[in-house]
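A.B. asks: Structure below; questions to follow.
The values are calculated or read from the model by the stated rules, or taken from the named source; none is laboratory data. Computed from a prediction, not measured in an experiment: that's the story for all the values here. Cβ coordinates were reconstructed from backbone atoms using ideal geometry, including for glycine residues, and neighbour counts include every protein chain displayed. All accessible areas refer to the heavy atoms of the entire protein, side chains included, with ligands and DNA or RNA removed. Shrake-Rupley method; radii C 1.70, N 1.55, O 1.52, S 1.80 Å.
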Amino acid sequence: MKVLLFQFFPPTIWSRGGGETYLECVRRELPNAGIEAEVLNLEKPQRDFDLLHVFGSTHEVSGLVSVGAAMGKPVMVSPICLSSKPAIVWKAARLIDRLIPFPTVYSYRQKIYEHATRLFPSSRIMAAQLQKYFGVPHSKMRIVHLGADDAVGRANATDFVNVYGIEGFVLEVGRVNSRKGQSRLIRALKGTGIPIVFIGPLDPSDETGCREFLGLVEQNQAQCHYLGPIYDKRILYGAYHAAKV
């Protein structure tokens, strides 16, 4: 069997995040199960594949999922879509979509879930939201929890401490933007004296949020350490061991 993998989320093109990591881990592990895996080449799209696996379910991938289904190929979708919006917002979106005569973001996402052969939400909460907000039947979903690289457990704190000289801190790893809450974390721990370490790229799509974060780091230099992205996994995983939280 040959699986074609695809992930597209515009805000992460220049600041890679969890979706890209998820795809890469699946691409690496599928051959161990005897399954051939390739990433979709947009310049020369492959046609000789048995199954399409799309990572993410933002409206931009609606057309791809629909075309894959029209080609008669099974389409798997890892939705990566846990929402913090109140239920009333989704009810309003559904109502508006029914009233206006042209497609909405809601309808594009609805088409993704309708044309997908199977959905792989990463938690029961995500599955429940898909069922409640988009009417996805539970029979169409299989929860696949996301784990950590087992190399994290084998890592050593000294690999990080020897480079940065910090330990016993609160650690947050992820793309820096308002939704991830780095600025809120700084405010929550301000005045405690507890060191905070942030690792991850700045999100170019959230200039205001990044500016706020960098300003707070500057104002609290004695407590806050922003290290940018760390691509050396030995050092990155060492940070997890050097952290207290």
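A.B. asks: Lys233 passes all but one of (1) open to solvent by 40 Å² or more (accessible area, probe 1.4 Å); (2) touching a Pro at 6+ places or on another chain (Cβ under 7 Å); (3) closer than 22 Å to Val163 by Cβ; which number fails?
C.D. replies: The single condition Lys233 does not satisfy is (2).
A.B. asks: Here is a further query. Within the stretch 125-153, track down each residue that is aliphatic (A, V, I, L, M), part of a loop (DSSP other than H, G, I, E, B) and open to solvent by less than 80 Å² (accessible area, probe 1.4 Å). Give the steps one after another, and end with the answer.
C.D. replies: Residues of the stretch 125-153 aliphatic (A, V, I, L, M): 125-128, 130, 136, 141, 143-144, 146, 148, 151-152.
Retained after the next criterion (residues that are part of a loop (DSSP other than H, G, I, E, B)): 136, 143-144, 146, 148.
The answer is Val136, Ile143, Val144.
A.B. asks: Just one of (1) over 18 Å from Ser83 (Cβ atoms); (2) surrounded by 15 or more Cβ atoms within 10 Å (Cβ to Cβ); (3) of a type in the set (S, T, N, Q) trips up Ser178, so point out which.
C.D. replies: (1)
A.B. asks: Evaluate the stretch 154-169: report whether one residue or more is out of contact with any Cys (no Cβ under 6 Å at 6 or more places or on another chain), among the acidic types (Asp, Glu), closer than 24 Å to Lys233 by Cβ and surrounded by fewer than 18 Cβ atoms within 10 Å (Cβ to Cβ).
C.D. replies: Filtering the stretch 154-169 for residues out of contact with any Cys (no Cβ under 6 Å at 6 or more places or on another chain) gives 154-169.
Remaining after also requiring among the acidic types (Asp, Glu): 159, 167.
Okay, now just the ones that are also closer than 24 Å to Lys233 by Cβ, so 159, 167.
Filter once more, keeping what is surrounded by fewer than 18 Cβ atoms within 10 Å (Cβ to Cβ): 167.
Yes, the stretch 154-169 contains at least one residue that is out of contact with any Cys (no Cβ under 6 Å at 6 or more places or on another chain), among the acidic types (Asp, Glu), closer than 24 Å to Lys233 by Cβ and surrounded by fewer than 18 Cβ atoms within 10 Å (Cβ to Cβ).
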